[in-house]
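Shown next, in structure tokens, is the structure this report addresses.
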Amino acid sequence: MIKKEIAKMLNEQINKELHSGYLYLEFANYYESKNLPGFAKWFVAQSNEEMEHAMKMRTFLINAGEKVTFSPIADTEKDFTDVKGPLVAALKHEQFITQSIYAIYEKALELKDYFSAHFLQWFIDEQAEEEASAQSNIDKLDMIGSSGSGLYMLDREMGSRD
Ligand code: FEO
């Protein structure tokens, strides 16, 4: 039902989504250590979303009769010099994931695997949202500066994410 090459790329993408979740949990660890529980909560929620992305792909492949296998999860960036560091790293990471999704989508169109291409459209929309929210976090921090009462307020706002 779906092209083998696309199934392989999607299987690799599952690893990237799981790695994203692992990365964001590490960012949450960093913010816990900086006594910013709101930032930490935001990244835990983001990590959970990445797990959902991985599961969506896993279910798609299994329903299409494909075998899913997992590979080791790569290590994560964890040494940051300031509060902004993980926010910038998160935006860069999402831009990387967007390119990865585009590559699968382009290959699906090239191989006329329209079923997979249609499935990937949800992820294309999702990536636009994820890049926008990663950029918005950076913009807010730039606006308030990384210290004092502004940071306290931003931490409260980040912590209001479900
Ligand atoms: Fe699943 Fe944040 O991309």
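Once both labels are modelled 7 Å past Cα along the beta-carbon direction, what's the Trp122-Glu157 spacing in nm?
If labels sit at Trp122 and Glu157, their model points lie 3.1 nm apart.
Give me the Debye-computed log₁₀ of I(q)/I(0) at q = 0.18, 0.23, 0.31 Å⁻¹ for the stretch 55-104, equal point scatterers on Cα only, no solvent, two decimals.
-0.81, -0.99, -1.10
Calculate, in nm to one decimal, what Asn35 and Glu77 gain on full extension: separation in residues at 0.36 nm each, minus their alpha carbon distance. Could the numbers behind the result be given before it?
Numbers: separation 42, 0.36 × 42 = 15.12 nm, distance 1.92 nm.
Extending this stretch completely gives an extra 13.2 nm.
Quote the Stokes-Einstein diffusion coefficient, in whole µm² s⁻¹, for the stretch 9-67, based on the Kirkwood radius over alpha carbon pairs, a temperature of 37 °C and a viscosity of 0.692 mPa s. Mind showing how you got there, number by number?
Working: Rh = 12.0 Å.
For the chosen part, D equals 273 µm²/s.
Where nothing but the Cβ of Lys and Arg (+1) and of Asp and Glu (-1) is charged, how large is the charge dipole of the stretch 1-42 around its Cα centre, in debye to the nearest 20?
On the way: 6 positive and 5 negative charges, 29 e Å.
Around 140 debye, computed over the stretch 1-42.
Specify the angular offset, from 0 to 90 degrees and rounded to the nearest 10, of the alpha carbon long axis of helix 37-63 from the longest principal axis of the alpha carbons in the chain.
Between helix and principal axis, roughly 0 degrees.
Give me log10 I(q)/I(0) at q = 0.19, 0.21, 0.23 Å⁻¹ for the stretch 121-162, Debye formula, one equal scatterer per alpha-carbon, no solvent.
Each listed q maps to, in turn, -0.63, -0.71, -0.78.
Per residue of the stretch 117-133, in order, report the coupling 6.51 cos²θ - 1.76 cosθ + 1.60 (Karplus, θ = phi - 60°) as ³J(HN,Hα) in whole Hz, putting x for Gly and Pro.
4, 4, 4, 6, 4, 4, 6, 5, 4, 4, 5, 4, 5, 5, 5, 5, 6
Obtain the nm distance between the two label points defined at Lys4 and Lys140 by a simple spin-label model: each point lies 7 Å from its Cα along the Cα-to-C-beta direction.
4.8
What lysines does Lys112 reach when the alpha-carbon gap must be under 28 Å and sequence neighbours fewer than 8 apart in one chain are set aside?
Output for Lys112: Lys3, Lys4, Lys8, Lys16, Lys56, Lys67.
For the chain, what's the relative contact order in percent, using C-alpha pairs closer than 8 Å and at least 6 residues apart?
Values: 158 pairs, mean separation 52.0, N = 162.
Rounded, it is 32 percent for the chain.
List, largest first, the extents of the alpha carbons of the chain along their principal axes, each in whole Å.
Largest to smallest, the principal-axis extents are 56, 27, 26 Å.
Among all the lysines, which ones have a C-alpha under 22 Å from Lys84's C-alpha, if same-chain residues fewer than 8 places away are not counted?
Lys34, Lys41, Lys92, Lys140
No value in this document is a laboratory result; all are computed from the given coordinates. Everything numeric in this text was worked out from a predicted model, so none of it was measured. Methodologically, a virtual Cβ is constructed for each residue, glycine included, from the backbone with ideal geometry; neighbour enumeration extends over all protein chains shown.
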